[in-house]
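Below you'll find the structure, written out as structure tokens, and then a few comments.
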Amino acid sequence: MKRLLAALALLLACTVPALAQQEESTAPYAYRQLDNPAQEDAAQALMESLRCLQCQGQSIADSDAPIAGSMRSLVRERIAAGETPEQIRAWLMERYGDYVSYAPRVTTLTWPLFAFPLAFVLLAWLLLRKRFGSNPATGEPQ
Amino acid sequence: MSQPPPPQEPKVSRWAIWLPLAIFAAFIGVFAYSLLRPAPREVASTLVGKPLPEFSLPPALPGRPGLDSKLFANGKPHLLNIFASWCVPCRVEAPQLARLKAMGVPIEGISVRDTTEALQGFLEQNGDPFQRIGADDDGQVQLALGSSGVPETYVIDGKGVIRYQHIGEIREDQLPMILEKFAEASQ
């Protein structure tokens, strides 16, 4: 059992770094900021609202997955080339669907997300007004 | 002496008392269902049914051709396999790709974030079913294709339109399905 564990540890030690090294993104702007601070700010804001396709709970700004590196480089290169953040978002959504973007859109599928809170606030307002509103007989608060 | 009127009881019908609890239970139900159901991890390309995006990739191996998107629209269907030497499932699907090649299916390859030496080693070990291999070193063509990982296999018809995207390795039992998709693209 001990030998097995030792062998397993050795195997992990040998394989994991090697794999990680080869997978790392070599895209030019994966780990390099743009020289223009305003452009880098715009790129950063967009990257924080794009989903990493491999580690799906993270944005591409947070993720160290190789594909996230490629996506960061894509965002920075296109910003540097003069594209607007929303054009880049649209380009990615054309390929990966709404899923790639963290910025919600109102669609036939998502409208209840926006409608229900409004409906609940309206309902609460109506109920509260009925309960605590002014007394219609005297015109004074109860 | 006149008595003040007794304070008015709020008029709530009996079933309405249970309404908040029912809504709460419904929320718990929805959350439990979503948490316990295995969520799909795959992000499918939305380019299926659309023309292959234009790209031109340099050769991944010296002395072998690179890959240009134009050659897909030559009237014949192709498989486009996105792979890498560092990708373990790509080794698993190698025998299936070899079978497809033996059946006369043309397979073009894109190797993602790879090096020439690693790729040569991979092909020596696992066989080389590819007509051409384009080197997508910075992963930009992979993104243009709407691919979210390796391996992935696209079935592309003779007009250069993407007809099917297979995410993950092609397993042995999936060969008939891939051949069927290929035959559909041939029509």
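The values are calculated or read from the model by the stated rules, or taken from the named source; none is laboratory data. Just so we're clear, the structure is a prediction, and the values are computed from it rather than from any experiment. Note: ideal-geometry Cβ built from the backbone for every residue, glycine included; neighbour counts use all protein chains shown.
Residues checked against (1) in contact (Cβ under 8 Å) with a residue 12 or more places away in the chain; (2) of a type outside the set (A, V, I, L, M, F, W, C); (3) in a loop (DSSP other than H, G, I, E, B); (4) at negative phi:
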| residue | (1), (2), (3), (4) |
| --- | --- |
| B:PHE27 | no, no, no, yes |
| B:PHE31 | no, no, no, yes |
| B:LEU35 | no, no, no, yes |
| B:ARG41 | no, yes, yes, yes |
| B:THR46 | yes, yes, yes, yes |
| B:GLY49 | yes, yes, yes, no |
| B:PRO53 | yes, yes, yes, yes |
| B:PRO62 | yes, yes, yes, yes |
| B:PRO65 | yes, yes, yes, yes |
Does region B:145-163 hold any residues that are within 14 Å of another protein chain (Cβ to nearest Cβ) and either surrounded by fewer than 20 Cβ atoms within 10 Å (Cβ to Cβ) or within 12 Å of the chain's Cα centre (by Cα) (or both), and which are they? B:LEU145, B:GLY146, B:SER147, B:SER148, B:GLY149, B:VAL150, B:PRO151, B:GLU152, B:TYR154
The one condition in (1) part of a strand (DSSP E or B); (2) surrounded by fewer than 11 Cβ atoms within 10 Å (Cβ to Cβ); (3) not β-branched (Val, Ile, Thr) that B:LEU80 fails to fulfil: (2)
Within region B:24-46, of all residues that are modelled with pLDDT of 95 or more and within 14 Å of chain A (Cβ to nearest Cβ), the one nearest to the chain's Cα centre (by Cα) is B:PHE27
